[in-house]
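Peer 1: Take this structure, written in structure tokens, and hold onto it; I'll ask about it next.
The values are calculated or read from the model by the stated rules, or taken from the named source; none is laboratory data. Keep in mind that what you see is a predicted model, and the values were worked out from it rather than measured. Neighbour counts run over all protein chains shown; Cβ positions are idealised from the backbone, glycine included. Calculation scope for accessible area: heavy atoms of the full protein, side chains included, ligands and nucleic acids excluded. Shrake-Rupley method; radii C 1.70, N 1.55, O 1.52, S 1.80 Å.
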Amino acid sequence: MASLPADDPTGLQTFAVLLRRMNSEFNRITQEFAQDQGLHLTDMQALIAILAADSDPDAGDEPMTPGRLRGELNLTSGAVTACLDRLERAGHIRRVRGAGDRRVVHLHYADAARGLARDYFRPLARSTEAARGRFSPEELEVVVRFLAELNAELALLRRDPG
């Protein structure tokens, strides 16, 4: 295991170091995928948000819309349109008109692109599974609880930076 601050192995400094390292690795992998696909970093953020909306049961089965994406990514309408145009041209997303209101556009991760991403990120999934395999079910429950709580706290910061 990588070296950690010796003063408190479960203290805030240790968490900060480990989360920063993990975030850096995730960013590197994501940037490599984006580069391989000819995508911008904003395109990747949009894909992640669209995928989350497509697959998150807590989202209330509400597909992503351009307006919601604009708010989540803090972009202008024009920037979102340009991003979605690039993603659609590259085959990563589909725009689907709402059944009840044709003015509403839903954004979905295209099936072929899902397969492409799944293949690309398979080594990351294998590494994650290898790390998970070194923990007991009880330990994993604590890890999952911590990550869920941290995500909830980070979501609060996104809404209210003060």
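Peer 1: Calculate the tail of P(r) for segment 43-102: the fraction of all Cα-Cα distances greater than 18 Å, expressed in %.
Peer 2: 32 percent
Peer 1: Also, I was wondering about something else. Angle, helix 111-120 long axis vs. longest principal axis of the chain, Cα atoms, 0 to 90°, nearest 10?
Peer 2: Once rounded, one gets 30 degrees.
Peer 1: Which of the trypsin sites (Lys or Arg not before Pro) found in segment 97-162 are loop residues per DSSP with 16 or fewer other Cβ atoms within 10 Å of their Cβ?
Peer 2: Passing both the DSSP loop test and the Cβ count: ARG102, ARG103, ARG134.
Peer 1: Another question, if that's okay. Give the angle, between 0 and 90 degrees and rounded to the nearest 10, that separates the Cα long axis of helix 137-159 from the longest principal axis of the Cα atoms of the chain.
Peer 2: Its long axis makes an angle of about 50 degrees.
Peer 1: Could you work out the relative contact order of the chain? I mean the mean sequence separation of Cα pairs under 8 Å and 6+ apart, divided by the number of residues, in percent.
Peer 2: About 14 percent, as a whole number.
Peer 1: Using only Cα atoms, what Kirkwood radius does segment 66-162 have, in angstroms?
Peer 2: 16.9 Å
Peer 1: Further question on the same structure: Relative to the longest principal axis of the chain, what angle (0 to 90°, nearest 10) does the C-alpha long axis of helix 41-55 take?
Peer 2: Result, in degrees: 90.
Peer 1: For the chain, what is the charge dipole size about the Cα centre, in debye to the nearest 20, if Lys and Arg each add +1 at the Cβ and Asp and Glu each add -1 at the Cβ?
Peer 2: That gives a dipole near 680 debye.
Peer 1: How large is the accessible surface per residue of the chain, computed with a 1.4 Å probe and reported in Å² as a whole number?
Peer 2: Per-residue accessible area for the chain comes out at 70 Å².
Peer 1: A further question on this structure: Taking N as the number of residues in the chain, what is its alpha-carbon radius of gyration divided by 2.2 N^0.38 Å?
Peer 2: Here the answer is 1.20, to two decimals.
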